[in-house]
1. Please arrange V208, V114 by counting, for each residue, the other beta carbons lying within 10 Å of its beta carbon, fewest first.
2. As a test of the formula, what do you get for the chain when each DSSP H run with n ≥ 4 contributes -39,500 (n - 2.57) and the sum is divided by the residue count, at 222 nm and rounded to the nearest 500 deg cm²/dmol?
3. How many times 2.2 N^0.38 Å is the alpha carbon radius of gyration of region 31-129?
4. Can you compute the radius of gyration and Dmax for region 109-228, using only the Cα atoms, both in Å?
5. With labels modelled as points extended 7 Å from the Cα through the Cβ direction, what inter-label distance (nm, one decimal) is found for F86 paired with Y58?
6. Would you work out which of M98, F233, P70 lies farthest towards the positive end of the dipole of region 19-240? Charges go on Cβ: Lys and Arg +1, Asp and Glu -1.
7. Over what distance in Å are the Cα centres of region 33-76 and region 181-244 separated?
8. Between helix 149-168 and the chain, what is the angle of the helix's C-alpha long axis to the longest principal axis, kept within 0 to 90° and rounded to the nearest 10?
Amino acid sequence: MANWQDPRLTGGDSAAISVPSAARDVGLRSYMLKVYNYMASGVALTGAVAMLFYNGGYAERIMLGGGILPWVIILSPLAIVFAMSFGANRMTAATMQMLFWGFATLMGLSMSTVFLVYTGVSIAQTFFAVTAAFAGLSLYGYTTKRDLAPFGTFLIMGVVGILVAMLLNAFVFKSGAMAMAISAIGVLLFAGLTAYDTQRIKSIYYQVQGSEMLGKTAILGALNLYLDFINMFQFLLAFMGDRR
């Protein structure tokens, strides 16, 4: 797990301390802007692909048509996440970028089914609500002096618990009330993770600045924030979205 203490405050990173404060601040702002640009572009690509796939009739024919192809589309993004997370040291920044855009595209194919389930108005309302919440939570994570690392462990454990509960509800309980509770808790968990991950990305900058890992960690940071945004969107849509 990354060291969450800010080197500027702890004195734990002499390389970071030797850099003038103004230069560090400019570098950090540039780094975070790159992270947010990657993340926002990935979300936009996912949305565009999802809409095109749905409008072309492929969402219903392919994603609901049975067979192995829907499972390939659904599971491929997970494989890319593992590849990027555990293979970053061996990959180039260009390869990381290619995988990130591929991941966003596959997510768009997978998420095209939301247009089959929910009304366009509720999808748009949920998207803008999540965008506003994400912006506020990420700003908090960026500016707060409070160490959010202890909350991070709790939140990650909560996500694991949610995944187990979702599987149990899908195959055993099949309860609508439980599904609503899972959605509500999921929104809260990923809201917390947005602030936590933002602080972690900021902290990582001080560890990798000036190294070849800087570009790679920007992409990984964007991937983490993307996942927070998309999961918060999906859980909130399931909780408050109007079905067709």
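1. Result, fewest neighbours first: V208, V114.
2. So the calculated ellipticity at 222 nm is -26500 deg cm²/dmol.
3. On the way: Rg = 14.9 Å, N = 99, 2.2 N^0.38 = 12.6 Å.
Ratio of Rg to 2.2 N^0.38 Å for region 31-129: 1.18.
4. Expressed in Å, the Cα Rg and Dmax of region 109-228 come to 16.8, 52.
5. Result: 3.0 nm between the two label points.
6. Checking the options against the dipole of region 19-240, the answer is M98.
7. Comparing the Cα centres of region 33-76 and region 181-244, I get a distance of 18 Å.
8. Here the helix axis deviates by roughly 20 degrees.
The numbers here are math on the coordinates, done by the rules we state, and not lab data. Note that the coordinates shown come from a computational prediction; the quantities given were computed from them, not determined experimentally. Methodologically, a virtual Cβ is constructed for each residue, glycine included, from the backbone with ideal geometry; neighbour enumeration extends over all protein chains shown.
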